[in-house]
Structures are given as C-alpha cells and as structure tokens.
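Q: Here it is, the structure, as structure tokens.
The values are calculated or read from the model by the stated rules, or taken from the named source; none is laboratory data. Please read all numbers here as calculations on a predicted model, not as lab measurements. As a convention, Cβ positions derive from the backbone with ideal geometry for all residues, glycine included, and neighbour counts pool all protein chains shown. For accessibility, only protein heavy atoms count, side chains too; no ligands or nucleic acids. Shrake-Rupley method; radii C 1.70, N 1.55, O 1.52, S 1.80 Å.
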Amino acid sequence: MRRREFLRTGLAGLSLPQLLALRARAGTPSTGDRTALIVVWLQGGASHLETYDPKPDAPAEIRGPFGSIATKAEGVRISELLPLHATVADKFAILRSLSHSGFCHQQGNQQMFTGHPEQTLKLKPDHPDLMCIAHRARSDPSRRVPSYVGVNPIPYLGSAYLGPAFEPFSVYGDPNAPGFSVPGIGLADPAEIARLERRKGLATGFDGLLRAMDDPAQSEAFDSFQRQAFALTAGPEARRAFDLDKEDPRLRDRYGRNTWGQRCLLARRLVEAGVDLVATSLDGPLCGRIGNWDDHAVNHHVFDAMKARCQYFDQAVSALIEDVHARGLDRRVLVVVTGEFGRTPKISYDKDSASGVKQPGRDHWPRAVSLLMSGGGIPGGQVVGATDPHGADVTSRRVGVRDFLATIYRHLGIDAESLVINDRTGRPVLALPEGSPIPELTRI
C-alpha cells in the first residue's frame, strides 16, 4: 500500500481499541476448546538428509559424513545429529513426502503458508497466510493476551488483503538476554498504570458527550474493546505470559540457555497463557555466518554448520515436545517444525564468499521436504511418506502444501474449504481452494 492510500484509509490514525473492534467485526470467535499452534521455523531451509530423512546408504556424493540413529519409536531412524529428538520420537510424527514448486525463499515460505502457487519474488504474499486467516477467524475481543504472536516472525508472510489488523504481535530481541522484556505490554510501573488510568477516565469523559447520540449497542461494544486494549497495556496477564523469569531455572536449562531454547520456551508459555498462534524462527548467530539454514557452499560448510547448530536445535525442540506433553497440552497444542524446503541430495562445492576456501554445500530442494509434527492429538512414533534412496523425490504418500494447511486448519477448528474472504477488488476467495487433511496427522 502506498503512503497516500494508507493515509486515505485512515489506518494511520487507528487506536488500539479501534483495531480490536475491526478484528472482531471481521471474524467469528471459535467455539469449543481453543486449540493452539506453535510453528518452529527454520528459515533458509534445513537439509532433510541431515535431520529427518537421512540416507546413510547412499553414495558418498549424496550421503554426507553423518549416519542415522535408532529412536524411541520402533523402526524410525533420524540423523545422528539429533540424539535428543530420538528420545522423544514416540511423541512426534515425521512427514517425509511434502513437495511444492517454490524454489526460492520467498516462494517457499509463501507457498507453504498460503497454499497459493506464488512464483515471483516478493517480500509479502498476494494472499494471506494461514496464521493471519486463523487470527481473523478466531478473533475474540474478550482476550487478555494477543491471539497471534510472532517471536522473531517468519519472513515473507503477511495478511495481504485482510489488512494490518491481522498481522502478528511481533516480538524481537533475545529472550535469553538478562532483563528481556516486551515493549508496550503489561506496564509494571504503578505510576505509569495510574497515569494510564487517568487518561482512560479523561477519554471516557469526552466520549460521554457523544454517546447520547450513539447506538447503545455500538457504545457497549466499543467499551469492550477499550477494556481489552487497557488489559493488554496495563493488565498483568500479558506481561506474565512473556516473563521467562517465572519459569523453573531447571526447565530453562533443559530448553537451553540460548536464544533458540528460550524462544521455544516462550512459545510454550504463550500458548499455555491462551495465545492461539505462535510462530518463532530459529535463526540468527547460532546458524552461522549468514544467520540462517541456507547452506549453499558459498554461505556455509554445510556439514560443519549442521553439526554446530543442531546441538541447540536438538535441545530446544526436544524440550518443547517433552514439555508440551508433560503439561497435558498435547491434545490442544500442535507443534510444527519445518523450513521452506529441503536441500539438494547431491553435494555441491564452491568457494566460501568470505574466506575463499572451497567447501561443500547443498542447494534449494522443494521436491522433497521433511517436517515434524507433535501434539494436536495426532499419533506419535510414525513416519508418513518416503523418498527415493537419494532423498531426491517422493516415492509414496505425496503431500501438497494445501494438504499440509488443511491438516492445520482442521486442528484449529476452521472450515477453510468454506471460509470465503474478499480480496482487494471485492472478489470472494476461498481461504483454501482445495486440499485434504492428512489422515495419519489428524486428531485421534
């Protein structure tokens, strides 16, 4: 949206209560138990051969230096780089047969979460992503915590024609850093809260001059959004949800006293506190020089990089899975761990762009994507689908991105096949034009 259009729509002047009101008018609160979703995102595309679909018997130019290990789930083997995953394998399922056509990061991210065949390189998608749609569909003005939180949000996604009201509440910074806090939520200073109370009272007084002419129902509704905005700003619930100091230090140690471990712990705290949707990206310095999992030879020595980062990844994800199940959240909360694609089976060689040293790498490979799902009531200890002996192409149970999304929508209680959204021209668009939930990965 250009600046002039932005100003013309009036969005530049939206107050928090007005924003909450727009969200509620656009969506329908869900019924029944509130399920939740945590997406652990591996930006850049993690190698499936070094994580969830190892090929130790492939030729040397394919297999790499790492072997596979047995897990707690009978017959399920994963990379030797993930020994802690192996101990909780009875609590997760691996999908090895997802395939799409998004060969670059923007296309990969956008295809994975919009279900539309995005093919051009753009920073934001033409269609809203699943999290933004779910945010709209499950809007509830009585919430005292945000509905959708992006802890270092997934790049290249967005709300498109739904509008900015349905973007995530974005949290940046390092939750492992001493004194980590989220600006603008849950004021702690009593003087600041008192000042906000006085402003609230003054605003109520001015509003009273106009409400005699207002529709009483509209006035009552606006009051509810004012209360929610005040709760998010001054109430203790949101601030408590983001406060990792409330956790047992031993549990924080189990997740790992590093950025990734504490991001995953924060995700669990948020869904336990009532947040519906949490997406967190495991990227940054722990990934290596370029800060993500994009292991081209010019970026990283793929095997050194995977060995270095997997110790943190293994600890954080296994702790999250273990914790969700230990707390009895495993039917309500679905955890999805994935990146936008896998990596090429054949190892490539090129000079590192920084050092000039020739080294191995793997390139983009959307033809075979492996991902992990845990919780959501789905049976653990299973593998769905398979690839050929080189990990190049799917050989059984091929799954498209729309089937992947349909599975998540089913967990969230959203009938995406019938949910109609109007695009920027007013044309009705189905949230998910087609796709079927993956039977093995739905609630039992």
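Q: Among 128-139, 403-414, how do they line up from the highest to the lowest mean number of other beta-carbon atoms within 10 Å? Could the numbers behind the result be given before it?
A: Details: 128-139: 26.3, 403-414: 22.7.
Descending packing order for the listed peptides: 128-139, 403-414.
Q: Something else: For residue 334, list long-range residues whose amide hydrogen, built 1.01 Å from N in the peptide plane, is under 5 Å from its own amide hydrogen.
A: Under 5 Å from the amide H of residue 334 lie the amide H atoms of 36, 37, 38, 376, each far enough along the sequence or on another chain.
Q: Around residue 387, which amide H atoms from residues at least 5 apart in sequence, or from another chain, sit under 5 Å from its own amide H, with H modelled in the peptide plane?
A: 395
Q: Rounded to whole Å, give me the distance from the Cα center of segment 261-331 to that of segment 45-81.
A: One Cα centre to the other: 19 Å.
Q: Let me ask another. What list of ³J(HN,Hα) couplings, whole Hz, do you get for segment 47-62 from phi and the Karplus terms 6.51, -1.76, 1.60, once you set θ to phi - 60° and write x for glycine and proline?
A: Whole-Hz 3J(HN,Hα) from phi for segment 47-62: 5, 5, 6, 9, 10, 9, 9, x, 10, x, 9, 6, x, 4, 6, 10.
Q: In whole Hz and in residue order, list the ³J(HN,Hα) couplings for segment 305-316 that follow from phi through the Karplus curve 6.51 cos²θ - 1.76 cosθ + 1.60, θ = phi - 60°; x for Gly and Pro.
A: 5, 5, 5, 5, 7, 5, 5, 6, 4, 4, 5, 5
Q: Roll a 1.4 Å probe over the protein heavy atoms and report the accessible area of residue 307 in Å², nearest 10.
A: Here the residue's solvent-accessible area equals roughly 130 Å².
Q: Considering the dipole of segment 324-444 built from charges on the beta carbon (Lys and Arg +1, Asp and Glu -1) around the Cα centre, which of 357, 339, 433 is farthest to its positive end?
A: So the residue furthest toward the plus end is 357.
Q: Then there's this: Which part of segment 327-353 falls in the paramagnetic zone of residue 304, meaning amide N under 14 Å from the point 7 Å along Cα-to-beta-carbon?
A: The answer is 350-353, whose backbone nitrogens lie closer than 14 Å to the label point.
Q: Once amide H atoms are placed 1.01 Å from N in the peptide plane, what residues at a sequence separation of 5 or more from residue 78, or on another chain, have their amide H within under 5 Å of its amide H?
A: Those lying under 5 Å, H to H, from residue 78 are 69.
Q: Could you tell me the distance between the Cα centroids of segment 370-444 and segment 115-153, to the nearest Å?
A: When both Cα centres are located, 16 Å separates them.
Q: Just the accessible area per residue of segment 50-146, please: how many Å² with a 1.4 Å probe? It would help to have the intermediate numbers written out before the result.
A: Details: 3500 Å² over 97 residues.
Value returned for segment 50-146: 36 Å² of accessible area per residue.
Q: Taking the Cβ-Cβ separation of residue 257 and residue 355 as r and a Förster radius of 35 Å, what is the calculated FRET efficiency to the nearest 0.05? The partial results should precede the final answer.
A: Working: r = 30 Å, r/R0 = 0.86.
So the FRET efficiency works out to roughly 0.70.
Q: Please turn the phi angles of segment 404-419 into ³J(HN,Hα) values with the Karplus equation 6.51 cos²θ - 1.76 cosθ + 1.60 (θ = phi - 60°), one per residue in order, whole Hz, x for glycine and proline.
A: Residue by residue, segment 404-419 yields 4, 5, 4, 5, 6, 4, 4, 4, 7, x, 10, 7, 5, 5, 10, 6 Hz.
Q: Let me ask something else about it. How much of the accessible area of segment 271-379, probe 1.4 Å, is carbon plus sulfur, in whole percent? Mind showing how you got there, number by number?
A: Details: 1730 of 3460 Å².
Ligands and nucleic acids excluded, carbon and sulfur reach 50 percent.
Q: Then there's this: In percent, how large is the relative contact order of segment 325-373, given Cα pairs closer than 8 Å and 6 or more residues apart? Show your work: numbers first, answer last.
A: Details: 60 pairs, mean separation 21.6, N = 49.
Relative contact order here is 44 percent.
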